[in-house]
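Below you'll find the structure, written out as structure tokens, and then a few comments.
A short reminder: the numbers here are calculations on the coordinates, not readings from a lab. Worth saying up front: this structure is predicted, and the values here are computed from it rather than measured. A quick note on method: Cβ atoms are made from the backbone with ideal geometry, for glycine too, and the neighbour counts reach across all protein chains shown.
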Amino acid sequence: MDLSIIIAHYCTERPSKHYDSFLKTLKLIKSQTSKLDIEVIVADDGSSYSNNISEEFSSKVAINDDERYIYCIEGNKLTNWLKSIELEKKLISKWIYIPKTKLCMSKARLLNFATKISKSKNLLFLDDDNYFISENSLQKLLNLL
């Protein structure tokens, strides 16, 4: 695996400008990955449209010192769930999610968990509204690594 891209994500509603930024980020990643072996992990910090993720769709991991769980969807369950929210599966390998049961950010916990489950030693962390400035940013990054 050449690269694991971990995208921190939170969106209160879709469609919205923020959600459109997320889609643009995914589109730009996809346009640069045809010759690369990458995985994309979305680290979702309680987006409202993801609140239907439950134990029946995913595995869950307890968070230390907290009553919440991190849910992880991959494989066929992820394909079906992404289809239900009208997102293409081909790019996203895993979707991890913490329900917004508390008014707090869990970005660090999600990114740490995504790092643990990533398949590559090369990691790229993005926010869901990050854009590349060139058409071969990923290859340039890998060359630097």
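Quick notes
- Think of each Lys and Arg Cβ as +1 and each Asp and Glu Cβ as -1; about the Cα centre, that makes the dipole of the chain roughly 240 debye.
- Straight Cα distances below 15 angstrom link K17 to the aspartates and glutamates D127, D128, D129, with same-chain residues fewer than 8 positions distant left out.
- Cross-link pairs exceeding 23 Å in C-alpha to C-alpha distance, out of K27/K116; K30/K140; K119/K140; K77/K121, comprise K27/K116; K77/K121.
- Segment 73-122 - Debye-derived log10 I(q)/I(0), Cα point model, q = 0.14, 0.26 Å⁻¹: -0.45, -1.03
- Summary value for segment 64-132: 30 percent relative contact order, contacts being C-alpha pairs under 8 angstrom separated by 6+ residues.
- Semi-axis lengths, largest first, of the ellipsoid equivalent to segment 10-120 are 22, 17, 14 Å, with √(5λ) applied to each eigenvalue of the Cα gyration tensor.
- Potential lengthening between K107 and L141 on full extension [0.36 nm per residue; Cα-Cα distance subtracted]: 9.9 nm
- Comparing N143, L28, L110 along the charge dipole axis of the chain, the residue lying farthest to the positive side is N143, per the Cβ-charge model.
- Length gained on full extension, E86 to T115: 7.8 nm, using 0.36 nm per residue less the C-alpha separation.
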